[in-house]
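Take a look at the structure set out below.
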Amino acid sequence: MRFTPAELAAIREIFFVSSSRQKFASEEEREKFFETWTGYYFKNCADLILLDRDGETVRGYLMGCADSTAAKEYYSGRLKSYALFEDLFSYFPAHLHINVSPAARSQGVGARLIERFVGILRERKVPALHIVTSPDAANLEFYRRNGFGFEVTRPWGSHSLLFMGKKC
């Protein structure tokens, strides 16, 4: 899938305004951060990048991967925590990365994107998906409301990470 320059700019803007990390030592470091979190999807799963629009305005995006095990090689050198829940990938093989513009939150944008992604996964016979977040993240209730009822918390360094799964 090809994205217009305006769509790419909107994805970047939503990504950075939604990120927990806001400061970077250089533009190069900022670009590397963006690449770490989005590069695999653009290179390998562009057909699973979904946009929500209000007219021409991109209000949110979902970047999906139908096979987390296949993505392991890419992420192993970029996200050290990626393999922490690898034993659960066979049960919840797909994963997603989602962000919604602050101005469009609480309007059903994220829920619609997840619903569309689940529909695609069903068509592809993928049985379930997951996300990984922090156990104290502000978005936990959003994921729970959207059917992510399976939860496993594991220690990671000085904090913990939470794996949340949903059947398709």
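For segment 124-164, give me each residue that is under 13 Å from Ala94 (Cα atoms) and either under 13 Å from the mean Cα position of the chain (by Cα) or open to solvent by 80 Å² or more (accessible area, probe 1.4 Å) (or both).
Scanning segment 124-164 gives Arg124, Lys125, Leu129, His130, Ile131, Val132, Phe163, Met164.
Could you list, ordered by first residue, the pairs with Cβ atoms under 8 Å in which the first is in segment 5-18 and in a helix (DSSP H, G or I) and the second is surrounded by fewer than 17 Cβ atoms within 10 Å (Cβ to Cβ) and polar (S, T, N, Q), at least 6 apart or interchain?
If the second residue must be surrounded by fewer than 17 Cβ atoms within 10 Å (Cβ to Cβ) and polar (S, T, N, Q), the pairs left are Ala10/Thr57; Phe16/Gln22.
Pairs under 8 Å by beta carbon, first residue at negative phi and modelled with pLDDT of 95 or more in segment 105-116, partner open to solvent by less than 100 Å² (accessible area, probe 1.4 Å) and among the acidic types (Asp, Glu), six or more apart or different chains?
Close Cβ pairs (under 8 Å, with a partner that is open to solvent by less than 100 Å² (accessible area, probe 1.4 Å) and among the acidic types (Asp, Glu)) amount to Val109/Asp52; Arg112/Asp52; Leu113/Asp52.
Among the numbered criteria (1) of a type in the set (Gly, Ala, Ser); (2) open to solvent by 40 Å² or more (accessible area, probe 1.4 Å); (3) modelled with pLDDT under 95, which single criterion is violated by Ser90?
Tallying (1) of a type in the set (Gly, Ala, Ser); (2) open to solvent by 40 Å² or more (accessible area, probe 1.4 Å); (3) modelled with pLDDT under 95, Ser90 fails exactly one: (3).
The values are calculated or read from the model by the stated rules, or taken from the named source; none is laboratory data. In this text, all values refer to a predicted model and were calculated from it rather than measured experimentally. Note that each Cβ is placed from the backbone with ideal geometry, even for glycine, and that neighbours are counted across all protein chains shown. Heavy atoms of the whole protein, side chains included, go into the accessibility calculation; ligands, DNA and RNA do not. Shrake-Rupley method; radii C 1.70, N 1.55, O 1.52, S 1.80 Å.
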